[in-house]
Every structure is written in structure tokens, then in C-alpha cells.
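Chemist: Can you keep this structure in mind? I'll have questions shortly.
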Amino acid sequence: MIDLGLRGRRAVVCGAGFIPERAGHGRYTALALGEAGARVACVDLDEGRAKAIAGKIREAGGAAFPVVADVREREQVTRAFDLAVAELGGVDLCVDIVGEAQWDPVLDLTPETWEEQLRGNVTQVFYVWQEAARRMVGQGTGGSLVALASVDGTVAAAFHAAYGAAKAGVISLAATFAHELGRYGIRANAVAPGNVGSGNMDQRPGEYAVNGINPLAAPRAVDVANAVLFLCSDLAARTTGQTLLVDGGATTAELWGITEQVLPALRVGLP
């Protein structure tokens with residue numbers, strides 16, 4: 001069995017609670033870390049959600065406890081880490097799952113929505129990572145920072161420009177934190193999900209290329225959680241500043257509409 005090196009690690013997962021109409025990235029990530037042996041501080045805006053996921057981890061034999069905080073507020077980030085560190089004794093892993101897209105054409109996008117989307121999708125990542133990194137540097141034991149970006153931060157983000165810009169910012173933060181903090185043994189990476197939507201956990205196994213978007217298959221929340229788990233683990237001990245796309249191949253799409261049907265015409269005149 002491969003040792004992920006996570007047993008006993010002190011993890012803070014922001015956005016760990018499960019919202020039924022959402023994919024469940026935080027829930028699956030917190031459960032995966034708990035199953036791998038990490039002790040998990042489950043941070044969520046909603047007390048019920050925080051308690052529920054902490055309970056699920058404990059039911060599965062792991063160690064977890066809830067922390068209630070709105071990480072979009074700088075002071076609450078500090079308080080959340082104070083509470084988490086008081087219980088854990090420090091922090092080795094910090095995962096930020098918080099974020100949500102709002103859809104508007106660019107001509108209708110208001111300054112208020114723009115500010116709200118940046119605050120909720122990239123500014124809070126900076127707050128969380130900065131707080132975690134300061135504590136990791138003080139401990140002198142290194143650590144791993146992971147946040148969810150999006151493929152929308154790597155390509156056009158039609159009708160949710162603010163969200164795409166924010167996620168591009170997360171990708172940049174991962175590279176910058178990695179560059180500045182590598183000398184402390186701190187790694188910083190991002191995971192960029194594709195079109196998970198409200199969740200694809202009901203997909204039947206073995207079915208591939210069932211739509212025109214994903215040449216493999218649409219990613220599931222568990223796939224995103226596994227990517228986070230990898231980046232937190234010792235398997236990624238020399239991986240930093242990277243963004244791992246988990247998109248079922250969606251961003252591999254070629255631009256020219258070439259299909260098997262048009263190949264004969266393209267081959268005319270070829271030797």
C-alpha cells in the first residue's frame with residue numbers, strides 16, 4: 001500500500017461543509033483527508049454544515065472537529081486558525097474550497113457583483129493562505145497549501161467574467177506563494193475542476209465521451225478531492241506552483257472542427 005504521509009497531519013479545510021445543490025468538493029476532500037489519517041479542522045460558514053462533516057469523518061474512524069467562520073472576512077480567518085491550531089497544535093495542510101460563480105454578460109456585470117466575486121473567489125484564498133503560511137513559517141515544519149481554481153481561469157469564462165478572473169488569480173497566487181515560500185518547505189498548488197456542476201457522482205462507470213465537452217468523462221467531486229489529496233501528500237513532495245486540471249479532457253478541444261468524417265477530404269493529395 002502506498003503511504004501518502006498524511007497520518008497525524010494537521011489539516012484545515014475551509015469550505016468543508018456540504019451544500020446539497022453543489023458538487024461537494026469540500027465534503028469529499030475533508031473525508032479523503034480524514035480517511036488518509038489527517039486530523040481535520042472543518043471550517044464552514046454554516047455551523048450545521050461544519051458539524052455534519054466533522055461528524056461524518058469521526059463516524060468513519062477519523063479525527064475532526066467543526067470551526068464556524070466566514071473566511072471572506074480577514075478577522076474571522078485569524079479567529080478560525082486560532083481555534084484550529086488550539087485543537088490541532090499547529091497546521092501542516094491548508095485547503096481552500098470556498099467559491100461560487102455568478103453568471104452575467106460582461107455588458108451587464110455590475111461593480112458590486114465584480115467586487116463580490118473577487119472577494120469570494122480569490123481575496124479570501126489570499127487571506128486563508130497568508131494566515132496558514134505565517135503559522136507554517138513560525139512552526140518551521142513546512143506545509144502544503146491547496147486551493148480550488150477552475151478551468152475558467154485558464155480559458156474564456158463566458159458570462160461569468162469575474163469568476164474566471166478570480167480563478168486566474170488563484171492560479172497566479174499558487175505560483176507566487178510557491179516561489180516566495182519554497183525556502184520554508186511550504187508548497188502551494190491549485191486544482192482546477194472542469195464542468196462538475198451540481199455533481200456527476202451518478203455517472204455510470206465505463207461510459208466515455210458521452211457528450212461533446214469531455215473526451216473522457218465529466219469530472220466528479222471525488223476526482224477533485226483525489227487531486228487535492230495528491231497535492232497534500234508526500235507523493236507531491238517536490239510539486240509546487242502548479243495547477244492540476246481535473247476536467248475530463250475538456251480543455252484539450254481542438255479549434256478547427258476536424259472529425260473522422262472530414263479526414264478523407266483532408267488526405268486528398270497526400271502521399
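Just so it is clear, none of the values below were taken in a lab; they were calculated from the coordinates. Bear in mind that the values here come from a model prediction, so they are computed numbers and not experimental data. Ideal geometry is used to build each Cβ from the backbone, glycine not excepted, and the neighbour counts take in all protein chains shown.
Chemist: Using +1 at the Cβ of each Lys and Arg and -1 at the Cβ of each Asp and Glu in the chain, identify which of T176, A237, N214 lies farthest towards the dipole's positive end.
Modeler: Of the candidates, A237 comes out farthest on the positive side.
Chemist: Could you line up E115, E35, E254 from fewest to most neighbouring Cβ atoms inside 10 Å? Show your work: numbers first, answer last.
Modeler: On the way: E115 12, E35 15, E254 7.
So the residues, fewest neighbours to most, are E254, E115, E35.
Chemist: Let me ask something else about it. Output the peptides 225-238, 207-220 sorted from most to least packed, where packing is the average of other Cβ atoms within 10 Å over each peptide's residues.
Modeler: On the way: 225-238: 19.9, 207-220: 15.0.
Taking the mean over residues of other Cβ atoms within 10 Å, the ranking is 225-238, 207-220.
Chemist: What net charge is computed for the residues neighbouring N195, neighbours being all others with C-beta under 14 Å from the C-beta of N195, Lys and Arg scored +1, Asp and Glu -1? Let's see the in-between values first.
Modeler: Details: positive: R22, K167, R220; negative: D152, D223, D247.
It works out to a net charge of 0.
Chemist: With runs of 4+ DSSP H residues as the only contributors, calculate the mean residue ellipticity of the chain at 222 nm using -39,500 (n - 2.57) per run, divided by the residue total and rounded to the nearest 500. Before the final figure, lay out each step's value.
Modeler: Numbers: 8 runs with 100 residues, N = 271.
Value at 222 nm, helices only: -11500 deg cm²/dmol.
Chemist: Another question, if that's okay. Size of the dipole of region 1-93 about the Cα centre, Lys and Arg at +1 and Asp and Glu at -1 on the beta carbon, nothing else charged, in debye to 20? Write down the numbers at each step before the final one.
Modeler: Numbers: 13 positive and 13 negative charges, 34 e Å.
So the dipole magnitude of region 1-93 works out to roughly 160 debye.
Chemist: Where the only charges are on Cβ atoms (+1 Lys, Arg; -1 Asp, Glu), what is the dipole of the chain about its Cα centre, to the nearest 20 debye?
Modeler: On the way: 23 positive and 30 negative charges, 184 e Å.
Magnitude of the dipole: close to 880 debye.
Chemist: Roughly what angle does helix 221-232 make with the longest principal axis of the chain, taking Cα atoms, 0 to 90 degrees, to the nearest 10?
Modeler: 60 degrees
Chemist: Using +1 at the Cβ of each Lys and Arg and -1 at the Cβ of each Asp and Glu in the chain, identify which of G62, C14, Y127 lies farthest towards the dipole's positive end.
Modeler: So the residue we want is G62.
Chemist: Could you go through region 117-129 in sequence order and give the Karplus-derived ³J(HN,Hα) for each residue, using 6.51 cos²θ - 1.76 cosθ + 1.60 with θ = phi - 60°, rounded to whole Hz, and x for Gly and Pro?
Modeler: 5, 5, 4, x, 10, 9, 4, 5, 4, 4, 4, 5, 5
Chemist: Hey, can you grab everything whose amide H is under 5 Å from the amide H of F159? Only 5+ residues off in sequence or another chain; H modelled, so Pro and N-termini drop out.
Modeler: Sorted by chain and number, the residues that satisfy this are V106.
Chemist: Would you mind pulling out the separation of the Cα centroids of region 203-227 and region 10-78, in Å?
Modeler: With region 203-227 and region 10-78 each reduced to a Cα centre, they are spaced 25 Å.
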